[in-house]
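To keep things clear, I will list the structure first and then write my remarks on it.
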Amino acid sequence: MYLKRMITFELPGADIRKLDLREKIHMIKEIGAEIVVIFANSYIEGYCYYPSKFAKTHPDLNGRDLFMEILNTAHKEKLKVYAYLNAKFNGKHILKEIPDSQCIRPDGSPIGINNVVMMCISSPSAEYFNAFKTIF
């Protein structure tokens with residue numbers, strides 16, 4: 001059985017203003033990866049890494065479509081790409097758009113950490129994230 005090596009290109013912890021995509025993607029290829037998972041949005045604040053009609057775009061992008069840049073760079077290196085769409089965590093700003101989207105405990109207290117809320121997949125947030133599939 002042949003196993004493929006897959007690496008996640010985690011953008012939430014990166015300084016995307018200084019990110020050298022060619023260097024990072026080349027390094028992923030050099031260590032033997034065949035597949036790269038690219039974050040479409042952040043699990044920290046829910047920001048998107050591309051111009052989105054449905055969610056807040058990362059403030060450091062300044063009009064860039066970082067997701068597409070990474071996708072194109074990875075394809076040039078002959079890497080297969082999976083898009084990672086986080087539908088589990090989001091920034092508290094989502095509660096203004098979808099007030100009842102946060103998971104709650106049996107006692108009614110919300111689940112989350114600091115400015116990050118845990119999304120309930122049984123809430124109207126499912127429709128919100130379903131809209132993302134029109135992009136890819």
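Read-outs: derived from the displayed coordinates by stated rules, not from any lab. Note that the structure is predicted; figures quoted are calculated from it, not measured. In this analysis, Cβ positions are derived from the backbone assuming ideal geometry, glycine residues included, and neighbour counts consider all displayed protein chains.
Shape call for the chain from the C-alpha gyration tensor, a ≥ b ≥ c root eigenvalues: rounded (a/c under 1.5), prolate (a/b greater than b/c) or oblate? Because a/c hits 1.5 or more and a/b exceeds b/c, the chain counts as prolate. A Gaussian network model of the chain, with springs between Cα atoms under 10 Å, assigns the largest mean-square fluctuation among 66, 85, 19 to 19. Spacing of the modelled spin labels on residue 114 and residue 82, each 7 Å from Cα toward Cβ, amounts to 2.7 nm. Between helix 66-76 and the chain there is an angle of about 30 degrees, using the helix long axis and the longest principal axis of the Cα atoms. Using the Cβ-Cβ distance between residue 123 and residue 53 with R0 set to 35 Å, the FRET efficiency from 1/(1 + (r/R0)^6) comes to roughly 0.95. Taking a straight Cα-Cα cut-off under 29 Å and skipping sequence neighbours fewer than 8 places away in the same chain, the lysines within cross-link reach of residue 80 are 4, 18, 24, 29, 53, 56, 88, 133. Maximal additional length on extending the residue 92-residue 26 stretch stands at 20.2 nm, based on 0.36 nm per residue less the C-alpha distance.
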